[in-house]
Amino acid sequence: MKLFSTETYINRRNALKNALGSGQILILGNNESPMNYTDNTYRFRQDSNFLYFFGISLPGLAALIDIDKNEEIIFGHEYTIDDIIWIGRQEPLHVLANKVGVATVLEPEKLATKISPAVMYLPPYRHDNKILLSNLLPISLDQLAPSESLTKAVINLRMHKAPEEIAEMEKAVNITREMHLAAMRATKGGKYEYEAVAKILETMHRHHAELSYPVIFSVNGQTLHNHYHGNRMEAGQLALNDSGCETDMCYAGDITRTFPVSGKFSETQKEIYTAVLDMLESSTALLKPGLMYRDVHINANRILLGHLKNIGLVHGDTEEMLAAGVGGLFMPHGLGHNIGLDVHDMEDLGENLVGYREGLARSTQLGLRSLRMARELETGNVITVEPGCYFIPELIEKYKAEGIFKEYVNYAQLEAYYDFGGVRIEDNVLITDTGHRVLGERIAKTIAEVEAVMAGGF
Ligand SMILES: [Mn+2]
């Protein structure tokens with residue numbers, strides 16, 4: 001099992017203890033999750049908060065930090081000979097615990113005797129852990145009350161990535177880069193989407209990595225989370241690939257590229273692709289500490305509307321359109337989110353606690369309301385920048401029928417785009433003291449670069 005240094009985990013827990021001052025903290029690990037019966041399980045994925053503070057990627061663990069008693073305990077079973085028959089010799093739990101700086105390991109049954117009714121815990125997202133908490137405390141499921149001060153303290157730590165975390169994320173992006181190049185090379189007219197997906201997965205597994213989220217690969221890129229891979233790809237279509245891996249230490253990459261099935265962009269595709277690339281590059285260029293990411297999202301919409309106006313798909317005053325939210329019709333999602341141990345980092349802890357703050361409320365406008373990261377950027381944040389432009393016929397038809405934005409949108413012109421699909425381009429970006437750094441080696445993104453990869457150029 002790959003772990004950071006012992007000091008890393010000790011320091012993270014000390015920082016958490018200092019932030020809270022006193023009390024008892026319970027961090028639950030994940031259990032195996034059955035697919036269709038107990039012994040046939042999904043791939044085990046440890047809880048990210050448990051990984052952050054205790055590193056050990058094994059099922060059935062819990063950890064208790066008692067700040068006042070200065071006690072740290074990991075609860076879990078040591079392997080028995082019955083386990084070893086099936087899974088082979090393993091590093092004993094107490095040895096692993098030692099490696100993350102924890103001296104005490106107790107049987108899980110002891111947890112109930114150590115826990116105080118005022119124990120702080122994070123918002124549980126798996127049903128088995130909800131039931132465990134309900135039994136331990138004991139309170140009914142609907143009375144579970146995660147600690148907001150603990151949650152905020154964990155968010156504040158995990159929002160700021162340390163150099164060893166950034167190195168892992170860079171590794172994830174570089175593997176993801178190869179997955180994307182492989183997908184571009186596997187795409188051509190007459191092939192099926194799943195053939196490109198097979199190349200994505202093969203490339204990933206050759207690096208001993210796993211998916212950080214299910215692959216989105218589709219010629220119907222206008223469907224934002226499209227997991228269907230059964231379409232035959234035809235020259236003239238665009239393929240959108242939003243896929244990423246996590247390393248063996250569970251740090252994620254999340255990259256999107258869009259490319260023409262034929263290997264050559266059409267003029268119409270070039271216009272929209274250029275708009276989205278401009279949104280990506282202009283947004284990225286702005287990034288630095290202190291800048292509100294919501295403003296970057298809004299500015300990306302401004303750029304999009306400028307391009308759409310030039311193309312003749314909208315008309316009117318750009319600032320007026322921006323205020324009305326016209327951009328949401330073409331980009332109904334947010335510009336980006338935090339990324340780290342989770343692809344949507346810490347979404348289990350609450351999207352608004354992670355991406356918003358007091359005095360910064362979430363918008364209700366289509367597009368802006370889906371922005372997960374809105375607050376001021378800080379050194380050590382890692383965020384995705386993922387502008388897009390989509391033509392969703394059902395949405396356009398609905399707005400047209402309801403007369404929404406009729407003073408700005410050239411609905412008649414849009415009909416020619418009903419089979420266009422969508423374009424999204426996404427990078428992962430670290431905020432530094434002086435600005436920002438795009439993580440990983442460059443992944444083909446200009447029209448010339450993408451066409452060169454697809455022609456087998458590099
Ligand atoms: Mn993303």
Which condition breaks for GLY221 when tested against (1) farther than 28 Å from LEU16 by Cβ; (2) open to solvent by less than 60 Å² (accessible area, probe 1.4 Å); (3) part of a loop (DSSP other than H, G, I, E, B); (4) away from the ligand (no atom under 16 Å from the Cβ)? (4)
Can you tell me which residue within region 239-289, out of those that are within 16 Å of the ligand (Cβ to nearest atom) and hydrophobic (A, V, I, L, M, F, W, C), is farthest from ALA196 (Cα to Cα)? LEU287
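Within region 290-310, is there a residue that is part of a helix (DSSP H, G or I), within 28 Å of THR247 (Cβ to Cβ) and within 14 Å of the ligand (Cβ to nearest atom)?
Yes: region 290-310 contains one or more residues that are part of a helix (DSSP H, G or I), within 28 Å of THR247 (Cβ to Cβ) and within 14 Å of the ligand (Cβ to nearest atom).
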Only strands (runs of 3 or more DSSP E) wholly contained in region 1-101 count here; list those with 2 or more residues that are at pLDDT 95 or above and under 24 Å from MET120 (Cα atoms). 24-28, 62-66, 71-75
Checking the structure you have, find out if any residue of region 331-345 is assigned to a helix (DSSP H, G or I) and crowded, with 16+ Cβ neighbours inside 10 Å. no
Take region 107-127 and flag every residue that is of a type outside the set (Phe, Trp, Tyr) and closer than 27 Å to TYR42 by Cα. GLU107, PRO108, GLU109, LEU111, LEU122, PRO123, PRO124, ARG126, HIS127
Of the residues that sit in region 380-393 and are surrounded by fewer than 24 Cβ atoms within 10 Å (Cβ to Cβ) and of a type outside the set (A, V, I, L, M, F, W, C), which one is farthest from the ligand (Cβ to nearest atom)? PRO393
Based on this model, can you work out whether MET279 counts as touching an Asp or Glu at 6+ places or on another chain (Cβ under 7 Å) and either in contact (Cβ under 8 Å) with a residue 24 or more places away in the chain or not in a loop (DSSP other than H, G, I, E, B) (or both)? no
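Go through region 32-58 residue by residue and tally those that are surrounded by fewer than 17 Cβ atoms within 10 Å (Cβ to Cβ) and of a type outside the set (Asp, Glu).
12
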Report yes if VAL314 is at pLDDT 95 or above, hydrophobic (A, V, I, L, M, F, W, C), more than 23 Å from the chain's Cα centre (by Cα) and over 23 Å from ARG362 (Cβ atoms), otherwise no. yes
What number of residues in region 359-379 are open to solvent by 10 Å² or more (accessible area, probe 1.4 Å) and either small (Gly, Ala, Ser) or within 12 Å of the ligand (Cβ to nearest atom) (or both)? 5
Can you tell me which condition LEU141 does not meet? The list is (1) touching a Ser or Thr at 6+ places or on another chain (Cβ under 6 Å); (2) of a type in the set (A, V, I, L, M, F, W, C); (3) open to solvent by less than 70 Å² (accessible area, probe 1.4 Å), and all the others hold. (3)
All but one of (1) within 16 Å of the ligand (Cβ to nearest atom); (2) open to solvent by less than 40 Å² (accessible area, probe 1.4 Å); (3) under 21 Å from ILE155 (Cβ atoms) hold for TYR356; state the number of the condition that does not hold. (1)
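The values are calculated or read from the model by the stated rules, or taken from the named source; none is laboratory data. From a predicted model like this one, the values you see are computed outputs, not experimental measurements. A quick note on method: Cβ atoms are made from the backbone with ideal geometry, for glycine too, and the neighbour counts reach across all protein chains shown. The area values use the complete protein model at the heavy-atom level, side chains included, leaving out ligands, DNA and RNA. Shrake-Rupley method; radii C 1.70, N 1.55, O 1.52, S 1.80 Å.
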